[in-house]
Amino acid sequence: MPRPCAVGLWLVECASFRHSAESAAMTARSRSIVSRQTGPHEDLARRVTRALEHPLRKPLAEHTREAFARARDWRERRDGASLILDAGCGVGLSTRRLAEQFPSAAVIGIDRSADRLSRDHGRLPDNALLVRADLVDFWRLALAEGWRPARHYLLYPNPYPKAAHLKMRWQGHPVLPVILALGGRLELRSNWRLYVEEFALAVTQVTARAAEAEPFVPGEACLTPFEQKYHASGQALWRLVVELPHAPGLVPGEALPAAGEER
């Protein structure tokens, strides 16, 4: 008959094994995106044209103005370091990893969720900043301020797979010209090939630069929890990488006021 301590150890080991197995099963059950769309949205080109012809009238949120002003002050203290934007950074793991990968750059992660940004993932590198802000407004303020990111990441944005939600995808959103006008090395990643293909079509329509979706296999260190989950569950990942000039002229209408100016 096994001794009590041996039984206890065996129970702990079994519980640990079950937990690992359940975690692995949860990862393996990561669902692929399902959509009735079988190709790029038929309304994409029209929506892109509309974004190029009609100014975005959305009022700038005051909390984002304040957040941008703090980010601007932080960046000015970085002694001219190149800028990397991690747009929609979620819990901020990607911002941390980009800051470690590019130690001489100033890396700013932006997300609208205070809950996601407050989760503890260890010390933030000195060259990284997490900002709670409305991303659409932050982009507009960054362009108005003359920011020119060296790198600009859109990592696994919400795909909004229903065809009726095209206008909520970045390629169908009125802010698209602002995203592209900021310039730099723009990289989009997704586990939905069609999202990346649509974005590539929009980039080419706006900038006349060739862009295409390409298969992507992450290295040992995935940038985001979503990337880790999708990769571990065997899903195909896709990305688009394009070098863009700084081109404020892409954006219709008058220039936006800078963060510190009166409205």
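Miscellaneous remarks
- Listed by chain and number, the aspartates and glutamates whose C-alpha is less than 15 Å from the C-alpha of residue 162, apart from same-chain residues fewer than 8 away, are 42, 43, 198.
- Cα-based reach from residue 58 at 22 Å (exclusive), listing lysines while leaving out same-chain residues under 8 positions away: 167
- Aspartates and glutamates whose Cα lies under 16 Å from that of residue 229, excluding same-chain neighbours fewer than 8 positions away: 22, 220
- Residues 148, 119 ordered from highest to lowest accessible area at a 1.4 Å probe: 148, 119.
- Put simply, the convex hull of the Cα atoms in region 190-258 casts, on average, a shadow of 6.6 nm².
- Within the accessible area of region 156-196 (1.4 Å probe), percent carbon and sulfur: 55 percent
- Over the chain, the Kirkwood radius and the radius of gyration, each from Cα atoms, give a ratio Rg/Rh of 1.05.
- Surface analysis of region 55-254 yields an accessible area of 44 Å² per residue, using protein heavy atoms and a 1.4 Å probe.
- Taking other residues whose beta carbon is less than 11 angstrom from the beta carbon of residue 181, and scoring Lys, Arg as +1 and Asp, Glu as -1, yields +2.
- In a DSSP loop and with at most 10 other Cβ atoms within 10 Å, the GluC sites (Glu not before Pro) in region 165-243 are 220.
The values are calculated or read from the model by the stated rules, or taken from the named source; none is laboratory data. Remember, it's a predicted structure, so these values are computed and weren't measured experimentally. Don't worry about glycine lacking a Cβ; one is built from the backbone with ideal geometry, like all the others, and counts go over all protein chains shown. Quick note on the areas: whole protein, heavy atoms, side chains included, nothing else; ligands and nucleic acids left out. Shrake-Rupley method; radii C 1.70, N 1.55, O 1.52, S 1.80 Å.
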